[in-house]
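Worksheet: one structure, shown below.
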Amino acid sequence: MNTIGQLFRLTTFGESHGEAIGGIVDGMPPGIDIDIDFIQQELNRRRPGQSSITTSRQEADCVELLSGVFEGKSTGCPIGFMVRNTNQHSSDYDEMRTTLRPSHADFTYYYKYGTRDHRGGGRSSARITISRCVAGALAKLALKQLGISITAYTSQVGDIALDHDYHHYDLSQTELNAVRCPDQQKAADMIQLIEQVKADGDTIGGTITCVIQGCPAGLGEPEFGKLHAQLGAAMLSINAVKGFEYGEGFEGVRQRGSEQNDSFVPPFTTATNHSGGIQGGISNGQDIYFRVAFKPVATLLRPQQTVDIHGKATTLTARGRHDPCVLPRAVPIVEAMAAITILDAYLVHKATKMEEKRI
């Protein structure tokens with residue numbers, strides 16, 4: 001499937017070294033102010049070549065809105081968009097036409113389809129997340145009118161992690177450094193680690209934390225459409241993601257129920273928020289917060305043992321321009337997928353309430 005969402009739906013297309021990346025957003029509510037500068041800004045946060053700790057590929061990533069917008073507002077019709085690729089170095093991948101890169105999608109794509117676009121990973125490339133950022137920016141513009149905000153930040157790189165949860169930080173400071181961490185000293189340590197890893201021809205992973213504020217109660221379905229399950233599916237669809245936890249997550253197993261329960265305070269709020277804003281699969285009106293774990297980038301600029309498409313052992317030394325750590329550029333992608341998920345859940349909830357009123 002290349003589509004996500006029920007009422008707010010995104011369908012994507014494109015390959016890393018193809019002509020363009022793009023998509024169609026269907027279900028965008030009409031009458032929303034479409035701030036093209038904001039959409040471009042969200043793309044700029046994701047684009048390559050931002051700093052010394054990201055890939056050096058130079059792409060302007062300029063978005064073209066093709067439909068669904070008239071006189072600066074959404075019409076309710078499908079919004080088609082496209083971002084052209086302009087700086088492909090496809091020859092960097094000539095050796096990979098027949099060689100399978102360790103821990104990439106090369107083998108699984110080839111086994112599933114019998115063919116694959118080896119240039120930059122083709123359809124499996126993280127460059128495809130451009131479409132998610134455009135759709136996420138559109139969703140953010142709609143959510144803004146509802147008073148819902150979404151903020152993500154890098155909370156861990158390797159073994160360097162923030163010491164506190166999001167309440168202890170000024171999240172407006174996140175964009176003041178290249179790694180997108182609200183703690184400036186920790187950010188400096190993270191950057192130093194990434195630079196060392198890059199110099200070694202290696203890569204490093206980490207964790208992104210996301211906070212959704214202003215979300216009303218009632219979003220999500222009680223059984224197979226639980227809100228945390230929808231968020232988890234959205235996050236786990238992002239390249240290099242290996243884990244998702246919300247609320248206290250795995251740390252909560254250390255406590256007893258008497259410590260974990262969120263006691264109600266009149267009229268309908270809670271004294272604590274260990275649940276992460278979701279109970280029974282449905283939002284309860286409190287902040288929704290979760291963490292997403294990213295593995296180290298699989299492309300190493302050092303020799304690796306592998307096989308070719310015939311199963312013969314060989315050695316691969318990758319070339320090209322690659323991120324030593326995906327975390328800095330993944331922050332806006334996490335926000336985008338959260339925005340897409342929350343807006344879709346809101347529209348489904350709204351439609352359900354409208355149907356109840358008819359009955």
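A short reminder: the numbers here are calculations on the coordinates, not readings from a lab. In this text the structure is predicted, and so the values were computed from the model without any measurement. For neighbour counting, all protein chains shown are included, and Cβ atoms are generated from backbone atoms with ideal geometry for every residue, glycine included.
Structure summary
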item: P(r) histogram, all alpha-carbon pairs of segment 138-267 included - 5 Å bins from 0, percent; result: 2, 8, 13, 17, 20, 18, 11, 6, 3, 1, 0, 0
item: Compactness relative to 2.2 N^0.38 Å, alpha carbon Rg of segment 198-291; result: 1.26
item: For segment 79-84, Karplus couplings with θ = phi - 60° (6.51, -1.76, 1.60), whole Hz, Gly/Pro x; result: 9, x, 8, 8, 10, 7
item: Ordering of 253-262, 110-119 by packing [mean C-beta count within 10 Å, highest first]; result: 110-119, 253-262
item: Nearest-0.05 FRET efficiency for Thr315 and Asp200, computed from C-beta distance (R0 22 Å); result: 0.75
item: Gaussian network model of the chain, Cα within-10 Å springs - most flexible of Ser275, Ser74, Ser103; result: Ser103
item: Most fluctuating residue given options Val265, Val83, Val326, as computed from a GNM of the chain linking Cα atoms under 10 Å; result: Val265
item: At 0.890 mPa s and 25 °C, Stokes D of segment 249-304 from Kirkwood alpha-carbon radius, µm² per second; result: 174
item: Leu66-Tyr113 FRET efficiency (beta carbon distance; Förster radius 30 Å; 0.05 resolution); result: 0.60
item: Value of D in µm² per second that Stokes-Einstein yields for segment 189-236, Kirkwood Rh from Cα pairs, at 4 °C (1.567 mPa s); result: 92
item: Between 0 and 90°, nearest 10: helix 227-236 axis offset from the chain longest Cα axis; result: 10
item: Per-pair calculated FRET efficiency, R0 = 22 Å: Asp37 and Glu175 via Cβ, rounded to 0.05; result: 0.90
item: Value of [θ]222 nm, deg cm²/dmol, for the chain, DSSP H segments ≥ 4, -39500 (n - 2.57) each, nearest 500; result: -8500 deg cm²/dmol
item: 0 to 90° range, to nearest 10: angle between helix 36-46 axis and the chain longest Cα axis; result: 60
item: Using alpha carbons only: equivalent-ellipsoid semi-axes of segment 238-359, gyration tensor based, whole Å; result: 42, 21, 13
item: Extended-chain gain in nm, criterion 0.36 nm per residue less alpha-carbon gap, Ser149 and Asn261; result: 37.7 nm
item: Spherically averaged projected area in nm², based on the convex hull that wraps the Cα atoms of the chain; result: 20.1
item: Max mean-square fluctuation residue, GNM over the chain, Cα-Cα springs under 10 Å, options Val134, Val157, Val211; result: Val211
item: Between helix 184-199 and the chain: long-axis angle, C-alpha atoms, 0 to 90°, nearest 10; result: 30
